[in-house]
Amino acid sequence: MKVQRFEWAGASATAAAVRSWSVEAAPPVEVDSIGGLVREGGDAALLALTRRYDVTDGEIDRIRVDAADATAALAGLDQELRQALETAAANIRTVAEAQIGEQREVALPQGHKVRLREVAVGAAGLYAPGGRAAYPSSVLMTAVTARAAGVERIALATPPGPDGEIQPVTLAAAALCGIEEIYAVGGAQAIFALAFGTETIEAVDVIAGPGNAWVTEAKRAVYGTVGIDSLAGPSELMVIAGHDTEPEWAAFDLCAQAEHGEGPLMVAAVELQVLDAVAACTERLAADRPGVSGAAPLALVHVPDSTDAVDLCNAFAPEHLEIFEEDAELLAERITTAGCIFAGRWGATAFGDYAAGSNHVLPTGGAGRFTGPLGPGAFRRRISIVEIDGAAAAALAPSVDRIARAEGFPVHAESAMIRR
């Protein structure tokens, strides 16, 4: 684990320094060539790319997975694991359904009405990381939310393992969510296939789900052709550590997020001894756990005051924030950019990653400044319905006439005035 101490230089400057340092060691990512191959080669390109990057110990001759395989995986799942998945799905569903907005109608002074209603997109493409690891939790987070939003067609893409097979627990989660359209393809090529379509994969309207840097860059590249949920890249965690922080607890939380890869980690503390204790414990735990990424960057920031820690968080916009302070709930109310906040010593990020009901598909890389957790809104769009009667048209037309002519569009003006 790479550890770096940062001198306090104010919230914005310190956050910028940490963000810059954390991305310096990241490998360069280029996805345009992959996108070109998929658009030109379709299924053949997807199979070739899957053999190159994922299926190294086996064979694969198709990308569509039979839904019966997922049903069988669910039936064969350990019952305690199945119950855990069902608990998580139920909590995710409850939180998602609470976010569905009601239709609104606004009456305007001129006598007309504008109604706003929401409809689900026609098709959603979901991405769940995979390969050597299994991410049934990402299937639940995306699929349960899309179902709650009312999406009818859901296509799931997830990379196969070296043997060419998708992890059974991932297939089981797909079956649990009623997904029948499953593709054994991952990486940037999966995102391009979902966005543009191939002979086997029909293009979707929105793509959602977390992934590595290549997946994130591919989502950035296809935005505009399709909608995306957010740029949810490598996992991030910031910890605001108070005087009574349990160093080992904080260290386990930091190491847990480092299991996901090389996303930045940060600890901010007013008391230097707390900062040192958490850092030492984190390095010790990481050294003994092979699954923790040795390249994960851990930034240590000695802040003048807890309010400065809050300002630092708002400037950095971490994916996850844990607040280990006595007044954690009060401090949490002042946070405006973190993707998900865990207030209090009991609130490990791992709960949110799996079963708390909050969504673990969160903005990274500072994107929390302008977007938030995955929710039903990512799969829904608003439609405006304008109802104008004769009296309202007569009242509005002069305003339209003046503005349209000022912009140099006289026919717009005539179109309104003829109804007066």
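Descriptive notes on the structure:
- FRET E, pair residue 327, residue 391, Förster distance 41 Å, beta-carbon r, rounded to 0.05: 0.15
- Classification of the stretch 76-217 by its C-alpha gyration tensor yields an oblate form. The axis ratio a/c (a ≥ b ≥ c) is 1.5 or more, and b/c is at least a/b.
- When each of 281, 313 is scored by the number of other beta-carbon atoms lying within 10 Å, the sequence from fewest to most is 281, 313.
- Shape of the chain, Cα gyration tensor, a/c cut at 1.5: oblate
- Computed lengthening from residue 203 to residue 90, 0.36 nm per intervening residue step minus Cα-Cα distance: 37.8 nm
- Of all DSSP beta bridges confined to the chain, the antiparallel ones make up roughly 25%.
- A Förster distance of 30 Å, applied to the separation of the beta-carbon atoms of residue 336 and residue 5, puts the FRET efficiency at 0.70.
- Note on 316, 351: ascending count of other Cβ atoms within 10 Å places them as 351, 316, the fewest first.
- Residue-averaged [θ]222 nm for the chain, counting only DSSP H segments that reach four residues, each worth -39500 (n - 2.57): -13500 deg cm²/dmol
- Average Cα contact separation per residue, the chain, under 8 Å, 6 or more apart, as relative contact order %: 21 percent
- Area projected by the alpha carbon convex hull of the stretch 1-108, averaged over all directions, nm²: 16.7 nm²
- Inter-label distance, nm, simple model (7 Å from Cα along the C-beta direction), residue 220/residue 113: 4.5 nm
- Choice from 374, 254, 275 showing the highest fluctuation, given a GNM over the chain with Cα pairs closer than 10 Å: 275
- For the stretch 259-331, the direction-averaged projected area of the alpha-carbon convex hull comes to 5.2 nm².
- For 246, 24, 325, the sequence from fewest to most other C-beta atoms within 10 Å is 24, 246, 325.
- For the listed peptides 229-240, 102-113, a ranking on the average number of other beta carbons within 10 Å per residue, highest first, reads 229-240, 102-113.
FYI, it's all coordinate maths here, none of it is from the lab. All of these numbers come straight from a predicted model, not from anything done at the bench. Because the Cβ atoms are built from the backbone with ideal geometry, glycine has one as well, and the counts that use them run over all protein chains shown.
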